[in-house]
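The values are calculated or read from the model by the stated rules, or taken from the named source; none is laboratory data. As the structure is a prediction and not an experimental result, all values here were calculated from the model. Here Cβ is always computed from backbone atoms with ideal geometry, including for glycine, and neighbour counts include all displayed protein chains.
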Amino acid sequence: MLFNSIEFAIFLPIVFLLYWFVFNKKVKTQNLFILAVSYLFYGWWDWRFLLLIAFTSFCSWGSGMLIYQSNNPKRKKLINAANIIINLLILGLFKYYDFFAQTFADLFLNGKSDGILLNLILPVGISFYTFQALSYSIDIYRNKIQPTRDIVQFFAFVSFFPQLVAGPIERASNLLPQFERPRTFNYRDAAEGMRLILWGLFKKIVIADNCAEYVNAVFAAPDAHKGSTLILAAIFFSFQIYGDFSGYSDIAIGTAKLFGIRLMKNFNVPYFSRDIAEFWRRWHISLTTWFRDYLYIPLGGSHCSKAKVVRNTFVIFLVSGLWHGANWTFVVWGAFHAFLFLPLILLGRNRNHRDTVAANRVLPSLKECGQMLLTFTLATIGWVIFRAESITAAWDYLASIPQDRLLSFPWLPSKTHYLVLVMCIVFMLAEEWNHRLQGTPLQLARIKSRVVRFTIYLILLALIALLNSGSGNQFIYFQF
Amino acid sequence: MRKFIIRTSIFLLLATALMAVLDVCLTHKLRHYDRGRFLVWNEIFDNHIDADLLIMGSSRAWVHYSPEILDSVLHTHSYNLGVDGSCFNRQYTRYRIYRKHQPKPRIIIQNFECTTLDYTTGYEQYQYFPYFSDPDIQRWVIPYEEFTIADRIFPFYRYSNFGVEKLFANKLKVERGYLGHEKVWKVEPIDKDNLIHFTVDPRSLSLLKQFLSKSAEEGVQVIFVHSPIHISLTECQDDVDSMWHTWRQIADQYNIPILDYQYDSLSYDTTYFYNRMHLNKLGAEIFSRHLAEDLKKLLEE
């Protein structure tokens, strides 16, 4: 069930009303209800894979209990390792087996992969819920949290429908306690949730889906387009992937708020970053911090020699790239970002911009503008690699840019339509710039008039209705 | 909670009202749009046609029969009701709606081919969007054309879900329902695994018989025509003999003449086609003149 579908528009209010008016007596009943509707939400896509989520959840829940009950450190380690291996094997089987088998066939069998490929369907959101479930047992092993005996509570934590298929990848330390205590309805949170849902839909349907129309057309035949068009498509893809993924996260966080659950922030105005290190502190925060806590720090983090920090950085980015998908383009995209990180590490500047740009000013300085523009340009080059079908295609795309009519007017199938799209992108950036410190756009509390606030919401809704591209695009990150 | 539900309800009511206003505005604009799929429907609904010779059929009718050329020879006022991507069920639906708004014609040319008696739905449904409130569209189109419940009950949803921009993407200008395509021959290699089969769907057959009976009752003369195909299409078609047998049987039953141009002299030259099934403008105009002469003789007999 997609957030931008009519099914979800019907599902959400029904679940909301039942949650607060029928199943509100006991927290256990509420959790059971959340679990049931989350499984219904996921099963809408393919009910067979519910068994996989249940199995993953059970492994982590069971291993969490066993680790906690054991007094033997070796046994604890063994159980934790076994759970990690089982989860990663499942993930590897569904997501990476065919990729590595095909690579093996290409290298040693002249590309003949008959009989060695499994052609399994990739379960939606497998990378997200596997990582979420894994973090629980690892945190118990590290004595950071205590396990829950309530299996329904844990299953609800893993499968909580707003963030089940594309995150944010929650930590047990943040989300699980919220399933333990009774939830009370909070008007401010619910209203905030509604605003976030509206803003997320705007970013997904207006920005991402319309950019996608252009991007798909250009990336399908880059040879047929001139340099300026290729640049515009790359820029549009930067906004497509941002609108798509951060829009999903906004809807997920907003939906969770309606149920009295607070999810972690996943994006924090990443395109206003002044260097790549800051970009990665603001982009897909739940995944970046997951890798930091469960991979980077165990490898030694930044508290070791420069050479090891460089090695750890490359490991993180390569694994992060591979996490996104079974294609060498993602690995190269990860490596590209690792290379961008390299000078910052070597010069000790990777922690330079820990604040928000122009924190005490309305506008950024000229220098900050230049830094943001450079970071955005580098991220956009990375997105071309990410979006391309193959490494060769990415290279050809980038190499074609300077070769053909770079300074001419780009191809636009409909000038008015794309002018409106650019205006919407500018509006989104302006709104996010305006609220970069709070991190949540569409904060209209200072507008006292309810009529004006409602008018703004209705204008956004009209834009969503009028500019819906009609392609019914899935969220990009569903495939991961 | 009470405050939240009241405010959310007010917002949803306002949102519904806003969508209804957008729906009315866009419907009005499309009802006056003179391009693409909407032009013929607008002409049908706005009582502009009043033809005495009608052409019915699929895309092949749509791009093969020039009313202007037919009229120049036959001295009639003709109109092309050809529906792209259609079998008889959709062709008859257009005719029924036409008749609700226009007087009966004197002659109807029913173009047919291998797929006419098959049954299709759900192709380019957006062409019906501006007419959703029309009772005939509600009775004959909406239940059959794969619209969702949301399309039917939420104002503006059908437009938004399709994409407002896409509604205006088809800028083709048809003349009295006819489109002369100035394209040149371009075809894919023949795929022997995907032959075009002759299929008779009982629903379409029943509608055809209903149409023929009604036409006979009203004194409307129906003529079956198989317009030219490129000769290479014979390699892609299956059961052509069965097709002819069926159509001849129906023609005999209802006393309807058949004009066969399947293997016309045009059929052997790719200059006149843009693919195996469709004549281009040049071919269509030669065929229309040829047909008009034959019709003239037939009608004089």
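Remarks
- Look at (1) in contact with a helix residue (DSSP H, G or I) (Cβ under 6 Å, 6 or more places away or on another chain); (2) in contact (Cβ under 8 Å) with a residue 60 or more places away in the chain and you find that residue A:226 fails only one, number (1).
- The residues on offer are B:198, B:211, B:287, and the sole one that is among the aromatic types (Phe, Trp, Tyr) and within 24 Å of residue B:104 (Cα to Cα) is B:211.
- Among the residues making up the range B:258-286, those that are among the β-branched types (Val, Ile, Thr) and either closer than 10 Å to residue B:181 by Cβ or over 21 Å from the mean Cα position of the chain (by Cα) (or both) are B:270, B:271, B:286.
- The residue list A:326, A:358 contains one member that is over 19 Å from the mean Cα position of the chain (by Cα) and buried (at least 16 other Cβ atoms within 10 Å of the Cβ), which is A:358.
- Criterion: modelled with pLDDT of 95 or more, part of a helix (DSSP H, G or I), under 26 Å from the mean Cα position of the chain (by Cα) and within 14 Å of chain B (Cβ to nearest Cβ) - qualifying residue of A:463, A:378: A:463
- Taking the range B:1-109 and the helices (runs of 4 or more DSSP H) fully enclosed by it, the elements with 1 or more residues that are of a type in the set (Asp, Glu) and either closer than 23 Å to residue B:141 by Cα or within 14 Å of chain A (Cβ to nearest Cβ) (or both) are at B:2-31, B:38-45.
- Restricting A:383, A:433, A:411 to residues that are hydrophobic (A, V, I, L, M, F, W, C), modelled with pLDDT under 95 and outside any loop (DSSP other than H, G, I, E, B) narrows the list to A:433.
- Count - residues of the range A:389-411 that are within 30 Å of the chain's Cα centre (by Cα) and hydrophobic (A, V, I, L, M, F, W, C): 7
- Checked against (1) within 30 Å of residue A:68 (Cα to Cα); (2) in a loop (DSSP other than H, G, I, E, B), residue A:113 passes all but condition (1).
- The range B:154-202, subset within 14 Å of chain A (Cβ to nearest Cβ), closer than 26 Å to residue B:61 by Cα and in a loop (DSSP other than H, G, I, E, B), residue nearest to the chain's Cα centre (by Cα): B:170
- Remark: pairs (first residue in the range A:104-116, small (Gly, Ala, Ser); second residue surrounded by 10 or more Cβ atoms within 10 Å (Cβ to Cβ) and outside any loop (DSSP other than H, G, I, E, B); Cβ separation under 6 Å; 6+ apart in sequence or on different chains) = A:111/A:105; A:113/A:102; A:113/A:105.
- Flag if residue A:239 is closer than 30 Å to residue A:402 by Cβ, touching a residue at least 40 places away in the same chain (Cβ under 8 Å) and buried (at least 23 other Cβ atoms within 10 Å of the Cβ): yes
- Only a single criterion out of (1) without any contact (Cβ under 8 Å) to a residue 60 or more places away in the chain; (2) in a helix (DSSP H, G or I) is not satisfied by residue A:23, namely (2).
- Odd one out for residue A:427, checked against (1) hydrophobic (A, V, I, L, M, F, W, C); (2) in a loop (DSSP other than H, G, I, E, B); (3) at pLDDT 85 or above: (2)
- Count of the range B:139-153 residues which are in a loop (DSSP other than H, G, I, E, B) and either away from chain A (no Cβ under 14 Å) or touching a Leu at 6+ places or on another chain (Cβ under 9 Å) (or both): 6
- Odd one out for residue A:446, checked against (1) loosely packed, with under 14 Cβ neighbours inside 10 Å; (2) under 26 Å from the mean Cα position of the chain (by Cα); (3) assigned to a loop (DSSP other than H, G, I, E, B): (2)
- Members of the range A:411-423 found to be in contact with a Leu (Cβ under 9 Å, 6 or more places away or on another chain) and within 13 Å of chain B (Cβ to nearest Cβ), listed by number: A:412, A:417, A:418, A:419, A:420, A:421
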